[in-house]
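Contents: one structure, followed by commentary.
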Amino acid sequence: RYLFLDFETRMTQELRLSKMTTRSYCEQTDVTMLAWALDGEEVKFHLGVPDDTLLARLRDLAARDDVCFVAFNASFDLRVLHINLGIPYPQHFLCALELARAAWPNQPGGYSLDNLAVQLGLKYQKIKVDLATCQGQELIDYCKTDVEILREIFNRELVLVPPVELRVCEMSNRAKTLYFEIDQARVLQ
């Protein structure tokens, strides 16, 4: 089974991933929206910081051997879920972005979710919003649409990418869950 997920985090002018490390960003932000769909089911969502019931459900799904988490930039998304929400790294996960590079080499315009949706002629198109100010229904629609696009892209990738490549992708993603913490004070000593 596949769990497709997308979320958004609080952003400000000062708090931007492009200006800091992933860990520093995670320590200073919060998940503000989470959308997910299991296989072909309807996309569900939670606006605001996920509650204990949802977190328990995600922990359960992450521990299951028959569920594979799918995110567009899985190494980042799963790190945020782990650091910010305490979700353990799932037993299985795949990165739709990495699979897109294998499925469509030399993609004109690059591999953004928006570009892939346009280039592949998907029925869902990326919604344009300002994530620093977007909230409420606009944020819900944005995140739910991203899950629909993710699911469509992934289903097309499954047809094009050989199973052995999927396994290699999953194994390489697992290595990305590892990280080192450097104690700068001890290094300076």
Original post:
If we keep just the residues of segment 41-64 that are touching a residue at least 24 places away in the same chain (Cβ under 8 Å) and among the small types (Gly, Ala, Ser), which is most open to solvent (accessible area, probe 1.4 Å)?
Top reply: 63
Original post:
Here is a list of conditions, (1) crowded, with 18+ Cβ neighbours inside 10 Å; (2) more than 12 Å from the chain's Cα centre (by Cα), and residue 19 meets all of them except one; can you say which number that is?
Top reply: (1)
**OP:** Kindly provide the set of residues from segment 65-79 that are free of Cβ contacts under 8 Å to residues at least 40 places away in the same chain and surrounded by 15 or more Cβ atoms within 10 Å (Cβ to Cβ), ordered by number.
**Re:** 73
**OP:** Would you point out which residue out of 92, 82 is surrounded by fewer than 18 Cβ atoms within 10 Å (Cβ to Cβ) and modelled with pLDDT of 85 or more?
**Re:** 82
Original post:
Quick one: is residue 81 under 26 Å from residue 166 (Cα atoms) and either in contact with a strand residue (DSSP E or B) (Cβ under 9 Å, 6 or more places away or on another chain) or not in a strand (DSSP E or B) (or both)?
Top reply: yes
**OP:** Give me the pairs, please: first residue somewhere in segment 80-108 and touching a residue at least 12 places away in the same chain (Cβ under 8 Å) and on the phi < 0 side of the Ramachandran plot, second residue anywhere and among the small types (Gly, Ala, Ser) and not in a loop (DSSP other than H, G, I, E, B), beta-carbon distance under 6 Å, and either six or more positions apart or on two chains.
**Re:** 87/62; 88/62; 90/62; 93/74; 95/74
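For the structure I just gave you, tell me whether residue 102 is under 17 Å from the mean Cα position of the chain (by Cα), surrounded by 15 or more Cβ atoms within 10 Å (Cβ to Cβ) and at pLDDT 85 or above.
no
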**OP:** Please find, within segment 124-165, the residue that is modelled with the lowest pLDDT out of those that are surrounded by fewer than 18 Cβ atoms within 10 Å (Cβ to Cβ), aliphatic (A, V, I, L, M) and touching a helix residue (DSSP H, G or I) at 6+ places or on another chain (Cβ under 6 Å).
**Re:** 129
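The values are calculated or read from the model by the stated rules, or taken from the named source; none is laboratory data. Fair warning: this is a prediction, and the values are worked out from it, not measured in the lab. No Cβ is skipped: glycine too gets one built from the backbone with ideal geometry, and neighbour counts run over all protein chains shown. Heads up: the accessible areas ignore ligands, DNA and RNA and are worked out on the full protein's heavy atoms, side chains in. Shrake-Rupley method; radii C 1.70, N 1.55, O 1.52, S 1.80 Å.
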